[in-house]
Every structure is written in C-alpha cells, then in structure tokens.
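Chemist: Next up is a structure, given as structure tokens.
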Amino acid sequence: MTRRSLLVSPIIVACFGLASSLAFAQDHAQDSAYVPANYMKQEVLIAMRDGTKLFTAVYVPKDQTRSYPIMMQRTPYSVAPYGPDAYPRLLGPSGRFERDGYIFVYQDVRGHYKSEGTYANVRPLKDNYSGPTDTDEATDTYDTIDWLIKNLPHNNGKAGIWGISYPGGYAEDALVRSHPALKAVSPQAPVSDWGHGDDWHDNGTFRWPHAQGFIAGFDRPRDGPTTTYGPRVQYPTPDGYEYYLGQLSPGYANAMYLHNEHPFWDSLIAHPNYDAFWKARNALLHLHDVTPAVMTVGGWFDNQNLFGALKVFKSIDAQSPSTTNSLVMGPWTHGMWARGGADSALRDVEWGSNTGYFYQDSIEFPFFEHYLKDAGPATLPKAYVFQTGSNRWQKLDAWPPKGAVEKSLYLQPGGRVAFTPPQAGKAYDEYVADPLHPVPYTKDVAIGMTATYADEDQRFAEYRPDVLTFQTGVLTHDVTIAGPVDATLWVATSGTDADYIVKLIDVFPDSTPDHAGLPPTVHMGHYEMLVRADGMRARFRNSFEHPVPMVPGQPTKVPFELNDVNHTFQAGHRIMVQVQSSWFPIEDLNPQTYVPNVEMAKRRDFHTATQRIYHTPSMPSQLKVLVIENP
C-alpha cells in the first residue's frame with residue numbers, strides 16, 4: 001500500500017480588526033482559589049418520575065443576600081471533580097458568569113458515571129408517553145429543573161442551559177416540552193442527527209476515525225454508578241492513514257482492535273442507511289412549540305457538528321417560527337469558542353482578533369444576562385456571524401442573508417469554473433480512483449480527525465492524478481458566498497458504486513507576502529485555503545434510506561448538500577473547486593463495487609474504477625450558491 005506524498009501547508013492574513021481582547025482575558029483569568037472561596041458545593045441525587053436518581057453537583061454563591069438564576073449543563077462526560085470539597089477551576093461557560101453570580105448545576109445523564117439507570121446513545125425523544133413514569137431526555141431535564149426550582153434557596157425562578165457537542169445535544173433536548181422556568185438555552189455544536197450529517201455520517205459516507213476513536217473510548221457498558229471509565233483503545237501507530245488502510249473497512253475493526261466491547265459501534269456498522277434506527281434518533285424533528293429563547297452556536301470549521309448547529313437553528317425557525325431564535329457562527333473548530341487561550345488563528349490562518357473572547361464577552365454573556373436576570377437589552381440579532389476572507393463580524397436579520405442572489409458555479413472544460421453554463425467542448429474529465437491508494441484529507445500525520453484540516457492548503461491534493469481541479473480566472477472584485485452550497489454532479493463510473501467529494505477553495509495570489517510567525521516551510525503565495533468540503537456516497541443519490549447501485553458507464557445525476565459557508569473571495573484571488581473519490585481516512589473507503597453494507601465490505605470487494613465528471617450544456621456539473629457581489 002503506497003504512502004501518499006506530502007507537501008507544504010500555508011496560510012491567510014486577516015484584515016479585520018476588533019479592539020484587542022487581551023484586557024478581557026486578563027480581567028477574567030481564573031485562579032483555582034476563586035470558586036471554593038465564593039461558592040458552596042452540594043452533591044444530590046435527584047429522582048426522576050420513574051424513580052431513577054441522577055447525580056447532580058450544585059454550586060451556590062456564598063453571598064445569600066440576593067437571588068440567582070440557575071445555569072445548568074447535562075453531560076455524559078462526567079461532572080467531576082467528585083466529592084463535597086472538590087471544586088473545578090471554572091464554573092459556567094466563561095469566567096464572566098461565576099463572577100457575576102449564578103447557581104451552577106452539572107448533572108451526569110441517566111446511566112453514566114454516578115447517575116443511576118441505563119445509558120443510551122442519543123436516546124430517542126418520544127412524541128407520546130406510555131404513562132406518567134415514561135421518560136426520555138426531555139422529561140429528565142424537566143424533572144431536574146422542577147426539583148431545583150422547588151428546593152434550591154435563593155434561586156430567582158429562572159433557569160438556563162448550555163452545552164457543547166454531546167452536552168449541546170442535551171441542551172437541544174431541553175427545548176422539547178420545556179419546563180416553564182427554562183428561559184434561555186444555548187445548544188453549541190449540538191449533536192442532532194447522527195444518522196445523516198452529524199459526527200459519523202456525511203451524505204451517506206462514514207466518518208471513520210471520529211466514530212472509532214470516540215466510541216472506543218466512550219461506549220463501554222458499566223456495572224453501576226462509577227467515577228471512572230474504561231481505558232481508551234491504544235493505537236499501534238500515530239499514522240491514521242496507515243492504521244485505517246490496514247483495516248480497509250470498518251467491519252474489520254472489531255476483530256482487529258475493538259474486541260466486541262462497544263455495543264454502539266455494532267449499531268453504527270449495522271445501520272449504514274438512514275433507516276428507522278436513525279430516524280428515531282433525529283432530535284431535529286421535535287423542535288416545535290419551543291418556548292425558551294435559543295442561541296445556537298457553531299464554528300465554520302467544525303469537523304464534527306457544523307451540520308448540527310445549522311440544522312438546529314433552521315429547524316426551530318421552520319417548526320417554531322414565533323420562538324426567539326438566533327444563530328452565532330464564528331471561525332472556529334469544534335468548541336474553540338469556549339477555550340481560554342487565544343483563538344485569533346486556525347492552523348496558519350489568522351482572523352485579526354481573538355474571536356472567542358469577543359464571543360464570550362459580547363454575545364454569550366449578554367444573552368443569558370438578559371433572559372435570566374432581565375439585565376441589559378435583548379440585542380442579539382437573528383444571525384451574528386463571522387465572515388471569513390473579509391474577517392469581520394456581521395449582524396444580520398436573516399440567515400441566509402437577505403439580498404443574496406442564487407447562482408451556480410459551473411465546471412467547465414479545460415479545468416475552469418465560472419458563473420456561466422458550460423458551452424461546447426470536451427464533455428468530461430476523468431480519473432482512475434484506487435481505493436488502495438486513497439486521497440488523504442490532510443498532509444499531517446494524525447491518528448484521528450485533526451482539528452485544523454478544515455482550512456488547510458490543498459496543494460498536497462491538487463497535484464494527484466485522481467483529483468480534478470477547476471478554477472476561475474483572477475477575480476476583479478470581491479465575491480461573497482453566504483449560505484447553503486448544493487452540489488449537482490453529472491458522473492459516470494466503471495464500477496457499481498462511488499464516492500464523490502467536492503471542495504470549495506480560495507486561491508491566494510502568487511505574490512501574497514508571508515506574515516510574521518509562519519513556520520519556515522509555510523508560504524502564502526498561491527495558498528489554497530479550504531473553505532468547505534463534503535462527500536457523497538452515490539448509492540444514496542435518490543434516497544438515504546433506499547440505496548441503489550450505479551450502472552457502469554451510464555451518465556448519472558448525483559445531487560447533494562454541503563454545509564453552509566460565509567466567505568469572501570477577495571479581488572485578486574481565484575475560486576477553485578476540486579473533485580475526488582476518496583478523502584481518507586476522514587471518510588471510509590468505497591470499494592466501488594456495490595455491496596449491501598459498505599461498512600462491512602470485504603477485501604475482495606475493493607476495485608479501481610474510472611470516474612468521469614461531465615460538464616456539458618445538457619449535463620452541467622455545478623455548485624449552487626448564494627452570492628453577494630461587491631464591485
């Protein structure tokens with residue numbers, strides 16, 4: 001199995017300048033003595049309506065001269081440190097909260113760590129309950145808030161919930177049939193639909209490293225309440241490309257590494273289609289009649305739950321239009337907005353300001369202050385979004401933004417892409433896709449999903465013969481793409497199945513100067529910044545529930561959805577589109593032979609295939625986008 005070649009990785013300069021966030025960082029730096037000096041801790045077991053008791057850590061301000069709202073997080077990741085005298089370094093989403101005064105509540109969800117009951121990954125929400133003791137995550141949240149409001153002295157009768165990633169999913173569950181005291185909820189990078197676009201799946205492809213790495217360290221059955229968890233899987237090499245290529249398909253992972261100790265892994269592998277198993281776990285379907293104010297947060301470069309953030313916001317707008325519902329999107333990877341350090345850059349990309357501190361201080365804190373304390377005006381717009389390329393924050397009254405014009409970037413003969421349909425010329429470009437020599441998703445050596453691949457320079461991929469590249473001429477004015485990106489490829493394959501990955505890329509001018517702080521091998525000239533990339537498994541072109549094989553040699557339309565973007569391609573830059581049939585190992589390999597379950601493909605099923613991408617007037621491969629042009 002041949003190793004892919006490596007190339008250098010450059011960068012982009014930020015031109016947006018906010019006031020420095022250094023003062024904020026200094027003002028809110030935390031020391032380990034602050035929390036125990038100002039808060040009293042209580043550990044309680046709160047009984048749910050079926051009698052199951054959930055372990056809950058409560059931190060109440062020692063100043064009892066006033067009342068406080070409740071800020072709660074429900075988590076499967078442990079509410080440690082355990083013990084009445086053990087305190088965390090930080091309480092709440094940021095230091096602003098603990099210094100201003102809140103009651104903080106952390107709860108181990110049902111079946112994890114010190115809570116009783118049986119755990120279920122993304123436990124299905126129920127439309128109807130069988131009786132007064134029937135439960136799901138929505139009822140557990142309701143019952144917890146009800147107990148807190150009735151039993152914690154000096155609370156002001158209002159509660160808020162926040163959480164990132166899996167805890168963001170539990171925050172999302174709290175929106176379903178909410179307790180009347182729940183006034184503000186912030187699902188951040190929320191788990192929402194594991195079967196289609198969050199974490200494990202991308203238009204039918206399987207995000208293998210993230211799935212195996214997470215489940216192997218998370219999904220072990222327990223004997224009962226505990227403060228510890230089983231050891232993570234030890235990888236034999238730090239090189240994920242070689243590690244996953246050695247397994248070839250996820251179906252071999254149990255025998256080789258996981259040893260049948262992770263039941264949810266078996267469910268992942270057994271349900272490659274969007275069947276009843278996944279539909280029951282789609283929380284987006286339940287976001288109607290939402291009563292709390294909602295601020296959904298996500299990162300444009302989140303490789304796990306960008307889909308969830310966008311879909312939660314859009315689902316609430318569609319199903320609960322009277323809800324106060326806002327979207328916040330920044331130039332962040334997964335959870336990057338909550339970290340205490342500087343986040344003015346991603347990989348080699350600079351944004352010109354510390355966007356995380358700005359978010360914490362100017363967006364997140366005022367949101368909860370207003371709805372939980374009636375402090376300050378409700379100034380959050382419908383969409384508070386960071387625009388990369390121009391590197392500026394925008395306050396918008398809609399997302400996608402009003403005034404954006406629907407256009408298509410058409411693939412053209414001769415390696416061109418343009419906003420005009422293709423004319424006569426060569427009908428297609430083609431490449432040979434070899435699943436035993438797949439295109440890597442990053443030039444880095446990494447065992448999992450490296451967080452910074454999402455804006456990585458793509459020249460390491462462009463020079464491969466199994467990657468097609470199309471680009472515009474030099475732009476004469478700024479072009480902003482803001483909103484959904486929908487791909488339609490006209491393809492033909494010599495096999496009976498195929499994957500197609502589409503990348504949207506910003507190509508910098510050759511003369512772009514380097515900036516201070518770059519590694520010596522990184523240069524900005526002709527830097528190819530990845531703006532968005534998503535894959536599609538062609539068997540699902542008609543339905544994610546009912547796959548069908550491809551017909552060898554037959555031109556076929558393959559439509560699919562990429563996640564939204566908000567990016568300005570500046571004058572002097574070029575817009576590039578790359579098309580390939582593997583993106584390894586971030587997405588599992590397609591054997592290019594139709595088998596009932598790709599995740600269980602055998603080594604004998606893997607074959608090379610010739611892939612054709614058409615660009616003719618009658619078969620126009622394209623990316624449908626929303627464009628704001630700035631002459």
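The values are calculated or read from the model by the stated rules, or taken from the named source; none is laboratory data. Predicted, not measured: the structure shown is a model, and the values here were computed from it. Here the Cβ is made from the backbone with ideal geometry for all residues, glycine too, and neighbour counts use every protein chain on show.
Chemist: Name every residue in the stretch 374-395 that is out of contact with any Leu (no Cβ under 7 Å at 6 or more places or on another chain) and buried (at least 17 other Cβ atoms within 10 Å of the Cβ), in order of residue number. Show your work before the answer.
Modeler: Start the filter on the stretch 374-395 by keeping residues that are out of contact with any Leu (no Cβ under 7 Å at 6 or more places or on another chain), which leaves 374-380, 384, 386-395.
Scanning the stretch 374-395 gives 380, 384, 386, 387, 388, 389, 390, 391, 392, 393.
Chemist: Which one of these is without any contact (Cβ under 8 Å) to a residue 12 or more places away in the chain, among the acidic types (Asp, Glu) and either in the same structural domain as residue 306 (by TED's automatic domain parsing) or more than 29 Å from residue 485 (Cα to Cα) (or both): 374, 348? Walk me through it before giving the result.
Modeler: Details: 348 fails: without any contact (Cβ under 8 Å) to a residue 12 or more places away in the chain.
Of the residues listed, the single one that is without any contact (Cβ under 8 Å) to a residue 12 or more places away in the chain, among the acidic types (Asp, Glu) and either in the same structural domain as residue 306 (by TED's automatic domain parsing) or more than 29 Å from residue 485 (Cα to Cα) (or both) is 374.
Chemist: Go through the residues of the stretch 363-375 one by one and say whether even a single one is assigned to a loop (DSSP other than H, G, I, E, B) and touching a helix residue (DSSP H, G or I) at 6+ places or on another chain (Cβ under 7 Å).
Modeler: Yes, the conditions are met somewhere in the stretch 363-375.
Chemist: Would you be able to tell me the number of residues in the stretch 314-339 that are aliphatic (A, V, I, L, M) and in a helix (DSSP H, G or I)?
Modeler: Counting residues in the stretch 314-339 that are aliphatic (A, V, I, L, M) and in a helix (DSSP H, G or I) gives 4.
Chemist: Any residue in the stretch 245-262 that's under 19 Å from residue 437 (Cα atoms) and touching a residue at least 60 places away in the same chain (Cβ under 8 Å): show its pairings with residues that are aromatic (Phe, Trp, Tyr) and outside any helix (DSSP H, G or I) at Cβ separation under 7 Å, as long as the two are six or more apart or on different chains.
Modeler: 248/606; 250/206
Chemist: Residue 173 - would you say it is in the same structural domain as residue 326 (by TED's automatic domain parsing), in contact (Cβ under 8 Å) with a residue 40 or more places away in the chain and among the acidic types (Asp, Glu)? Give the steps one after another, and end with the answer.
Modeler: Values: in the same structural domain as residue 326 (by TED's automatic domain parsing): yes; in contact (Cβ under 8 Å) with a residue 40 or more places away in the chain: yes; among the acidic types (Asp, Glu): yes.
So residue 173 passes the test.
Chemist: Looking at 331, 321, 272, which one is closer than 28 Å to residue 177 by Cα and either assigned by TED's automatic domain parsing to the domain that holds residue 597 or not small (Gly, Ala, Ser) (or both)?
Modeler: Details: 331 fails: closer than 28 Å to residue 177 by Cα; 272 fails: closer than 28 Å to residue 177 by Cα.
After applying the criteria, what remains is 321.
Chemist: A further question follows. Taking the stated definitions as given, is residue 274 in a loop (DSSP other than H, G, I, E, B), over 30 Å from residue 445 (Cα atoms) and aromatic (Phe, Trp, Tyr)? Can you show your working first?
Modeler: Values: in a loop (DSSP other than H, G, I, E, B): yes; over 30 Å from residue 445 (Cα atoms): yes; aromatic (Phe, Trp, Tyr): yes.
So residue 274 fits the description; yes.
Chemist: Here is a follow-up. So which residues in the stretch 205-252 are among the small types (Gly, Ala, Ser), out of contact with any Pro (no Cβ under 8 Å at 6 or more places or on another chain) and not in a loop (DSSP other than H, G, I, E, B), if there are any at all?
Modeler: Of everything in the stretch 205-252, those that are among the small types (Gly, Ala, Ser), out of contact with any Pro (no Cβ under 8 Å at 6 or more places or on another chain) and not in a loop (DSSP other than H, G, I, E, B) turn out to be 213, 216, 246, 251.
Chemist: If only one of 181, 171, 138, 159 is crowded, with 18+ Cβ neighbours inside 10 Å and touching a Pro at 6+ places or on another chain (Cβ under 6 Å), which one is it?
Modeler: On the way: 181 fails: touching a Pro at 6+ places or on another chain (Cβ under 6 Å); 138 fails: touching a Pro at 6+ places or on another chain (Cβ under 6 Å); 159 fails: touching a Pro at 6+ places or on another chain (Cβ under 6 Å).
Exactly one of 181, 171, 138, 159 is crowded, with 18+ Cβ neighbours inside 10 Å and touching a Pro at 6+ places or on another chain (Cβ under 6 Å), namely 171.
Chemist: Determine which member of the set 536, 550 is closer than 29 Å to residue 305 by Cβ and among the hydrophobic types (A, V, I, L, M, F, W, C).
Modeler: Exactly one of 536, 550 is closer than 29 Å to residue 305 by Cβ and among the hydrophobic types (A, V, I, L, M, F, W, C), namely 536.
Chemist: Quick test for you: out of 338, 283, pick the one residue that is under 17 Å from the mean Cα position of the chain (by Cα) and surrounded by 23 or more Cβ atoms within 10 Å (Cβ to Cβ).
Modeler: Only one candidate passes the filter, namely 283.
Chemist: Sticking with this one: Among the listed residues 360, 304, which satisfies the condition of being in contact with a His (Cβ under 6 Å, 6 or more places away or on another chain) and either part of a helix (DSSP H, G or I) or within 27 Å of residue 392 (Cα to Cα) (or both)?
Modeler: Being in contact with a His (Cβ under 6 Å, 6 or more places away or on another chain) and either part of a helix (DSSP H, G or I) or within 27 Å of residue 392 (Cα to Cα) (or both) holds for just one of 360, 304, which is 304.
Chemist: Please state which of the following conditions residue 202 fails to meet, knowing it meets all the rest: (1) surrounded by fewer than 19 Cβ atoms within 10 Å (Cβ to Cβ); (2) among the acidic types (Asp, Glu); (3) within 19 Å of residue 600 (Cα to Cα).
Modeler: (1)
Chemist: Can you find even one residue in the stretch 544-557 that is touching a Pro at 6+ places or on another chain (Cβ under 9 Å), more than 21 Å from residue 391 (Cβ to Cβ) and in contact (Cβ under 8 Å) with a residue 40 or more places away in the chain? Explain how you work it out, then say what you get.
Modeler: Our first condition is that a residue be touching a Pro at 6+ places or on another chain (Cβ under 9 Å); within the stretch 544-557, this holds for 547.
Restricting the remaining residues to those that are more than 21 Å from residue 391 (Cβ to Cβ) gives 547.
From what's left, in contact (Cβ under 8 Å) with a residue 40 or more places away in the chain: 547.
Yes, the stretch 544-557 contains at least one residue that is touching a Pro at 6+ places or on another chain (Cβ under 9 Å), more than 21 Å from residue 391 (Cβ to Cβ) and in contact (Cβ under 8 Å) with a residue 40 or more places away in the chain.
Chemist: Looking at residue 400 and the list (1) free of Cβ contacts under 8 Å to residues at least 40 places away in the same chain; (2) within 30 Å of residue 160 (Cβ to Cβ); (3) not small (Gly, Ala, Ser), which single condition is not satisfied?
Modeler: (1)
Chemist: Right, something else. Which condition breaks for residue 425 when tested against (1) out of contact with any strand residue (DSSP E or B) (no Cβ under 7 Å at 6 or more places or on another chain); (2) free of Cβ contacts under 8 Å to residues at least 12 places away in the same chain?
Modeler: (2)
Chemist: Do we find a residue being in the same structural domain as residue 374 (by TED's automatic domain parsing), in contact (Cβ under 8 Å) with a residue 60 or more places away in the chain and either under 28 Å from the mean Cα position of the chain (by Cα) or assigned to a helix (DSSP H, G or I) (or both) anywhere in the stretch 149-156?
Modeler: Going residue by residue through the stretch 149-156, those that are in the same structural domain as residue 374 (by TED's automatic domain parsing) are 149-156.
Restricting the remaining residues to those that are in contact (Cβ under 8 Å) with a residue 60 or more places away in the chain gives 149, 152-156.
Of the ones still in play, those that are also either under 28 Å from the mean Cα position of the chain (by Cα) or assigned to a helix (DSSP H, G or I) (or both) are 149.
Checked against the condition, which is being in the same structural domain as residue 374 (by TED's automatic domain parsing), in contact (Cβ under 8 Å) with a residue 60 or more places away in the chain and either under 28 Å from the mean Cα position of the chain (by Cα) or assigned to a helix (DSSP H, G or I) (or both), the stretch 149-156 yields at least one hit.
Chemist: Right, something else. Would you confirm whether or not the stretch 584-598 contains a residue that is at pLDDT 95 or above, buried (at least 19 other Cβ atoms within 10 Å of the Cβ) and assigned to a helix (DSSP H, G or I)?
Modeler: yes
Chemist: Restricting attention to the stretch 407-452, which residues are surrounded by fewer than 17 Cβ atoms within 10 Å (Cβ to Cβ) and either of a type in the set (Phe, Trp, Tyr) or in the same structural domain as residue 383 (by TED's automatic domain parsing) (or both)?
Modeler: Selection gives 419 alone.
Chemist: Please go through (1) part of a helix (DSSP H, G or I); (2) touching a His at 6+ places or on another chain (Cβ under 8 Å) for residue 159 and return the number of the only condition it doesn't satisfy.
Modeler: (1)
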